[in-house]
Amino acid sequence: MEYNFSEIEQQWQQAWEKANAYAVSNESQKPHYYVLDMFPYPSGAGLHVGHPLGYIASDIYSRYKRQCGFNVLHPMGFDAYGLPAEQYAIQTGQHPEVTTNENIKRYISQLRKIGFCYDWSREVKTCDPKFYHWTQWAFIQMFNHYYDTVAQKAKPISELVARFEQEDPHWASLSEHDKQVRLMNYRIAYLADTKVNWCPELGTVLANDEVSEGLSVRGGFPVEQRVMRQWCLRVSAYAPRLLEGLDRIDWTESLKETQRNWIGRSEGAEMQFDIKGQNSPITIFTTRADTVFGVTFMVLAPESEYVERLTTDEQRAAVDEYLAWVKHRTERERIADRKVTGVFSGSYAINPLTNAEIPIYISDYVLAGYGTGAIMAVPAHDSRDYAFAKHFNLPVVPLIEGADVSEQSFDAKEGIMMNSGFLNGLEVKDAIAKMKEYITNTGIGRVTINYRLRDAIFSRQRYWGEPFPIYYKDGMPYTLPEDCLPLQLPEVKEYKPTVTGEPPLGHAQLWAWDEANRKIVDKKLIDNRSVFPLELCTMPGFAGSSAYYLRYMDPHNGEALVGRQANDYWQQVDLYLGGSEHATGHLIYSRFWNKFLFDLGIVCKDEPFRKLINQGMIQGRSNFVYRYIGEGATGNLYISYNLINNPEYKDKVQPIHVNVNIVHNDVLDIDAFRAWMPEYKNAQFVFADGSSSEVEDNPYMGAAMPKMYMCGWAVEKMSKSMFNVVNPDDVIAKYGADTLRLYEMFLGPLEMSKPWDTNGIDGVHRFLKKAWNMYEQISDAEPTPDELRSLHKLIKKVTWDIENFSFNTSIPAFMIAQNELYALKCNKRAILEPFAVLLAPYAPHIAEAMYHRCGCEGFVIDAAWPECNEAYLAEDTQKYPVQFNGKVRFTLECAKDTPKDEVEKLVLNHEDTARYLAGKTPKKVIVVPGRIVNIVM
RNA sequence: GCCGCGAUGGUGGAAUCGGUAGACACGAAGGACUUAAAAUCCUUUGGCCCGAAACGGCUGUGUGGGUUCAAGUCCCACUCGCGGUACCA
C-alpha cells in the first residue's frame, strides 16, 4: 500500500487529540522532566520553516524522555504583547487584541499540523488578564522589597522601615512624602529620573538590549538620549549572583560568555583626588591603580554631578556650550562620529602620589553610568586617554620599561614599571596589587568591584502591554491592593499618544483609582484626596516573558503565580531551547526575576533553566533568474544560470529574485514563472543546453519534452522581499509533517545556522516511503543475527544521538538500518516493531501507523524505549597471539576472513609501529587489511 | 579593538575518547524497465597515477610548523568567514 502521509497524519493527530494523549498531570510517580521552547511572538506573517527547527528538536527530546518513562511537561504559549500589533492598531484602529488573537489562531493551526506533543491545556498568553495578573503581582512584590547587599537577598521594605525607625532619629520627623522619596532609593522596582533611550518614532523608551548601534532593534528607528522619570528594576543589585550562577548551569560556553561580558565585572579601585582650592575630593574608578604616577589629567562625564562644582567662572561659558552640544547629539551621531571632543573645567586636581597639579576636563568619552562617571587619565597606557592628550597637547608619561608611546599608547597589562616611585621594577600585575594595598592603607581609596550591567528601564509609553498596578498620591506611587488584581488594560479610542504627549492610556476614560472603594472609576472623578490617577505607562515586552515558564507548571491557579506543590514537583526547566539572540535580554531578565522570586520563597530553584540549547537560525535560500540586458535586449529573455559566464552573456545579465516556491532543485517551473507576475507573462528562455526552443523533437512520438532552466542561488535572510519564504504548510501538503520534521533535523547540527534548502528533501521522503513498504506484511518469524545487529546498532546510535542533541546524525542511522533490513527483506515483527518505536520521536505519525501494522495496541508514543543489547553488536573477529622480536606477545585482532600471516606481516613491516611496539605489551592490536586501526595498551 | 564560534568532495554534511577521512543524502554520469516520460531499481562518483586486473600506488580535511607508533581531531603561529559586543577606564 502506498505511503499516504496526509491520511496517516490526519488520522493519528485526531486519535491523539481524542485520547488527550499529551495532557500532563502534576501528580505522578514517574520522574519529572520539563522541556520548554521559547514561546513565540505571533507575527502576522505566520510561521516559516525556520521557526519550527527548535520546536522539532525539543519535541523529539520530549517524546524520547516520555518513552523513557518520564512525566514530561512540554507546553507552548504566546508572547502576545508586542509592537507590530500595536503599530497595526495605530494605522487601522483595529484593537491589537483582535490582531493578536487572529495570529495566535494561525500559529496554533500551523503548529498542530507538525504534530507536536504540546499539552495545549496549559497554553499561556501574556496578554490574558489571568496571566498578567501575576506579572503585576510580581511587580508589586518588587516595589515592596529592597536588596540587602550584606545578606545578598531581597527583603521586605517593611524591614528597612523598621531599621530606619530604630537607627535614624530623623526618620520619624519626615513627612509621608519624604519617607516615600527615601524608600524609593531602595525598592527593587523604583521610579527614577534616568537617562533613557528615547525612540521618537515609536514614541517610547527602550531598554539597552532593545537598542543596537543607536537604532531600535524593532523597526530600526533612531534612538536619542533623554532624561525621563521611569520605572526601573534594580537588576544591577543581582549582578554578582547573575554572574556566579552561570557556573552552576549547563549552558553553552559562548552564551555564558556573552552574559559575563554583559554583566561586565571588573575589579579595580576607587580613589579620591583632592581639588586645588576646594576641600572635598572627587572619586574616580580605575582598574589600573598601578598607573597613578602617569596621571596627567582627569576627565568627567558631561552628566557627572562633579561638573557643576568644578567649573570655574572663567570656563563657565565654554563648558555650558560644550554640554549643550553634547546633549543635542544623538546616540547614533556619537557612534558614527568618534572625534575627540572636550572642554577644560578650569579646576585642577592633586595627584595623591606625585602631588602634581593636573587639569580636569569634561568629555563625552567618559560615561556617566559606569564607575563614578569620572576618571584619572593615563595617556601613556590607555588609547582613549592618549587620543585626548594628543588633541589637547597634554603630557604623556610612560610607566613601563621599553614601551614606545611616541605613536600610540601601550595598553597591555604587562611589563616592568618605571617612573613610578615605589612601584619601579615590579611586574604590572604585582604593581596593581601593591598599589591597591597602598591606597587602602593610606585611606586615599578602596578596592571595589564594578559591574557594567545597568538597571532595566521598565516603563513603555505604549498601549499594548501590562498596565502598572500603580496610582499616584501626592506625586508618589502606591500599589493597588493585591486582591484587586488584575488591573485590566482599559479600552481606548486611539492608540497614539494624546495631544498633550501622554502615553496612549491617557485616552482611557475609566482610568482612576478610588482608594476607599477599591475600584477603578472615571478619571473625571480624580480629586487627589480619595480618587487618584493611575499610571499611564505600560510594562515592556520582557515583563510577561520573564516568568512564564513558572505559569506552565500551574497554569490555572487563581491564587498564586505557581502553587507550592506544583513548583516542588517540576522544580525548574530542565531543558530550554531558543535562539541566542535572547542572551542579553530575556535570559538575563528571567534569571533576575527568578532569583527575586527565589528570595521570596515562591520558587525552589534560584536558576530557572538548568540546561539551555541555542538552535541556529534558518536563513533563506533565494533563487535568481537572469534577465538578458545586453545588445538587442527586449527585457524578456532569461538566461539559464549555467550559461551566464559564457562570453556572449557575461556582464550582460541582471539577476532577479524569483519565488523559491516555483523552483525545484534549482530548476525553474517556467509555466508557474509566467503565471507568477504579469511582467513575466511572455518570458523567453535560453535553457541549460543553450537552446531556446521549448520543445525538443521527440525521436519516438514527437510529444512535448520540457527543457531545463537553471536558477542561481544565494543565502540571504528569509524575507518576503527576497521571495524566499517557505511556509511549513506547503511543505507538509507536498511531503507530510514527518518528512518536514526529519528533514529539518537532517539539514545539519541544531546549533548551526544554515540555509533552508529543499534540494535534499526528496531523499528523506524516499526513506519514509521505503520504510513504510517494509510494513506491508508482518511475519512472526525469529530474527536472524544480521537483522538483530542492524536493529541494535540503530538503538545504540539513536539513543546516543538524542541524549547528546545530535539529532541530525540519527537520520542517516535510520537510513542505513532501513537499507540493511531492506536488503535482508526483513518483515519480522521482532525487528520492525522496535524500529517504529525508535522512529516515533522523529516521525510520530508514520511510526504510529507502522506500530499498528505490527498489530500493536495503544500508542507508539507511549511505547517503552528499546534497550540496546551489546551482545548482538559483536563483529566476527579472529584473535591471534603474536610473537614480536622474539619476546613481546600480544593479541592481534582482525576480521575473520583475514589471513593471519597477512596481518602479522602488516604489523611487523610497519617500521614506526614496530619500533613503538618493541618492549611494550599492548593488550591487542586491531587490524584491517592494509591498516592498523587501534592499539589497545 | 575585544570575546566567542567555525573552515572537510560539485552541494548539505558524517567521523561521538587521537585509531580505516568523506558515512548518509543531494546533484551528476551510465544502465534496467518504458513507445516516451514520471516513478522505481542497479552501477560509478575527492584528486592524480599505473594497469589486463587487484582488497594497486601516491596525494588529500583553510595555510605554515610541532607533539605522537598514529592528527580532520591535541599544541603554537597565521589566513579567511560568521556571530556577539564596544569610548565600560
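The values are calculated or read from the model by the stated rules, or taken from the named source; none is laboratory data. Since the structure is predicted, the reported quantities are computational estimates derived from the model, not experimental observations. All Cβ positions, even for glycine, are placed from backbone atoms using ideal geometry, and neighbour counts span all protein chains on display. Heavy atoms of the whole protein, side chains included, go into the accessibility calculation; ligands, DNA and RNA do not. Shrake-Rupley method; radii C 1.70, N 1.55, O 1.52, S 1.80 Å.
Assess whether A:Val307 counts as being part of a helix (DSSP H, G or I), open to solvent by less than 50 Å² (accessible area, probe 1.4 Å), of a type in the set (A, V, I, L, M, F, W, C) and within 20 Å of A:Thr372 (Cα to Cα).
In short, yes.
Can you name every residue in segment A:671-688 that is over 41 Å from the mean Cα position of the chain (by Cα) and not β-branched (Val, Ile, Thr)?
Scanning segment A:671-688 gives A:Asp671, A:Arg674, A:Pro678, A:Glu679, A:Tyr680, A:Lys681, A:Asn682, A:Ala683, A:Gln684, A:Phe685, A:Phe687, A:Ala688.
Given the criteria at pLDDT 90 or above and within 6 Å of RNA strand B (Cβ to nearest atom), does A:Asp762 qualify?
Yes; evaluated as a whole, the condition is true for this residue.
Can you run down the residue pairs with Cβ atoms below 9 Å, 6 or more apart or on separate chains, where the first is in segment A:319-346 and of a type outside the set (Gly, Ala, Ser) and the partner is assigned to a helix (DSSP H, G or I) and modelled with pLDDT under 75?
Sorted first by the residue in segment A:319-346, then by its partner, the pairs are A:Val326/A:Arg334.
Condition first: within 14 Å of RNA strand B (Cβ to nearest atom), in contact (Cβ under 8 Å) with a residue 40 or more places away in the chain and outside any strand (DSSP E or B). Now tell me which residues in segment A:190-217 satisfy that.
Once the filter is applied, which keeps residues that are within 14 Å of RNA strand B (Cβ to nearest atom), in contact (Cβ under 8 Å) with a residue 40 or more places away in the chain and outside any strand (DSSP E or B), segment A:190-217 yields A:Ala207, A:Asn208, A:Asp209, A:Glu210, A:Glu213, A:Gly214.
Which residue is most open to solvent (accessible area, probe 1.4 Å), if the candidates are limited to segment A:1-24 and must be outside any helix (DSSP H, G or I) and modelled with pLDDT of 95 or more?
Step by step, filter segment A:1-24, then rank; the result is A:Asn20.
Give segment A:271-301 a look and list any residue that's in a loop (DSSP other than H, G, I, E, B) and within 11 Å of RNA strand B (Cβ to nearest atom), or say none.
Within segment A:271-301, A:Thr287, A:Arg288, A:Val295, A:Ala301 qualify.
Being over 20 Å from the mean Cα position of the chain (by Cα) and modelled with pLDDT under 95 narrows it down to one of A:Thr252, A:Thr287, A:Thr258, so name that one.
A:Thr287
Could you check how many residues of segment A:4-51 are touching a helix residue (DSSP H, G or I) at 6+ places or on another chain (Cβ under 6 Å), under 24 Å from A:Leu750 (Cβ atoms) and aromatic (Phe, Trp, Tyr)?
Selection size over segment A:4-51: 2.
Of all residues in segment A:766-791, which are open to solvent by less than 20 Å² (accessible area, probe 1.4 Å) and more than 8 Å from RNA strand B (Cβ to nearest atom)?
Scanning segment A:766-791 gives A:Leu768, A:Ala771, A:Trp772, A:Met774, A:Tyr775, A:Glu787, A:Ser790, A:Leu791.
Could you say which residue among A:Ala189, A:Ala172, A:Ala154, A:Ala162 is loosely packed, with under 14 Cβ neighbours inside 10 Å and at pLDDT 95 or above?
A:Ala162
For segment A:804-815, indicate whether the set of residues that are open to solvent by 30 Å² or more (accessible area, probe 1.4 Å), at pLDDT below 95 and more than 9 Å from RNA strand B (Cβ to nearest atom) is non-empty.
no
Looking only at segment A:713-739, filter to residues that are small (Gly, Ala, Ser) and surrounded by 19 or more Cβ atoms within 10 Å (Cβ to Cβ); which one of those is nearest to RNA strand B (Cβ to nearest atom)?
A:Gly736
If A:Asp780 passes every condition in (1) touching a Phe, Trp or Tyr at 6+ places or on another chain (Cβ under 9 Å); (2) farther than 23 Å from A:Gly115 by Cβ but one, which one does it miss?
Every condition holds for A:Asp780 apart from (1).
Find the residue count for segment A:218-237, including only residues that are within 16 Å of RNA strand B (Cβ to nearest atom), within 14 Å of A:Arg460 (Cβ to Cβ) and buried (at least 21 other Cβ atoms within 10 Å of the Cβ).
1
Could you please give the count of residues in segment A:383-396 that are within 12 Å of RNA strand B (Cβ to nearest atom) and among the basic types (Lys, Arg)?
Selection size over segment A:383-396: 1.
I'd like the full set of residues that are part of a loop (DSSP other than H, G, I, E, B) and at pLDDT 85 or above, limited to segment A:606-629.
Within segment A:606-629, A:Asp606, A:Glu607, A:Pro608, A:Gln615, A:Gly616, A:Ile629 qualify.
Tell me which residues, restricted to segment A:419-457, are touching a Gly at 6+ places or on another chain (Cβ under 8 Å) and either open to solvent by 40 Å² or more (accessible area, probe 1.4 Å) or closer than 29 Å to A:Ile263 by Cβ (or both).
Of everything in segment A:419-457, those that are touching a Gly at 6+ places or on another chain (Cβ under 8 Å) and either open to solvent by 40 Å² or more (accessible area, probe 1.4 Å) or closer than 29 Å to A:Ile263 by Cβ (or both) turn out to be A:Asn419, A:Glu427, A:Val428, A:Ile439, A:Val447, A:Thr448, A:Ile449, A:Asn450, A:Tyr451, A:Arg452, A:Leu453, A:Arg454.
All but one of (1) in contact with a helix residue (DSSP H, G or I) (Cβ under 6 Å, 6 or more places away or on another chain); (2) of a type outside the set (S, T, N, Q); (3) open to solvent by 10 Å² or more (accessible area, probe 1.4 Å) hold for A:Phe78; which doesn't?
Here A:Phe78 clears every test but (3).
Got a number for residues in segment A:447-498 being more than 30 Å from A:Thr283 (Cα to Cα) and either outside any strand (DSSP E or B) or not hydroxyl-bearing (Ser, Thr, Tyr) (or both)?
Of the residues in segment A:447-498, 36 are more than 30 Å from A:Thr283 (Cα to Cα) and either outside any strand (DSSP E or B) or not hydroxyl-bearing (Ser, Thr, Tyr) (or both).
What are the residues in segment A:340-382 that are within 18 Å of A:Thr286 (Cα to Cα), within 11 Å of RNA strand B (Cβ to nearest atom), more than 37 Å from the chain's Cα centre (by Cα) and of a type in the set (Gly, Ala, Ser), if any?
Hit for segment A:340-382 is A:Ala377, nothing else.
Quick one: in segment A:740-759, of everything that is of a type in the set (D, E, K, R) and at pLDDT below 95, which residue is farthest from RNA strand B (Cβ to nearest atom)?
Result: A:Glu744.
Select from segment A:261-270 the residues that are out of contact with any Leu (no Cβ under 7 Å at 6 or more places or on another chain) and either more than 9 Å from RNA strand B (Cβ to nearest atom) or among the acidic types (Asp, Glu) (or both) and write down the one among them that is most open to solvent (accessible area, probe 1.4 Å).
A:Glu267
On the basis of being in contact (Cβ under 8 Å) with a residue 24 or more places away in the chain and either surrounded by 16 or more Cβ atoms within 10 Å (Cβ to Cβ) or closer than 26 Å to A:Ala301 by Cα (or both), does A:Asp250 make the cut?
In short, no.
Kindly check whether there is at least one residue in segment A:102-116 that is in contact (Cβ under 8 Å) with a residue 60 or more places away in the chain, open to solvent by less than 50 Å² (accessible area, probe 1.4 Å) and of a type in the set (Lys, Arg).
For segment A:102-116, residues in contact (Cβ under 8 Å) with a residue 60 or more places away in the chain, open to solvent by less than 50 Å² (accessible area, probe 1.4 Å) and of a type in the set (Lys, Arg): absent.
Quick check on segment A:404-417. Is at least one of its residues within 16 Å of RNA strand B (Cβ to nearest atom), assigned to a helix (DSSP H, G or I), touching an Asp or Glu at 6+ places or on another chain (Cβ under 8 Å) and open to solvent by 70 Å² or more (accessible area, probe 1.4 Å)?
no
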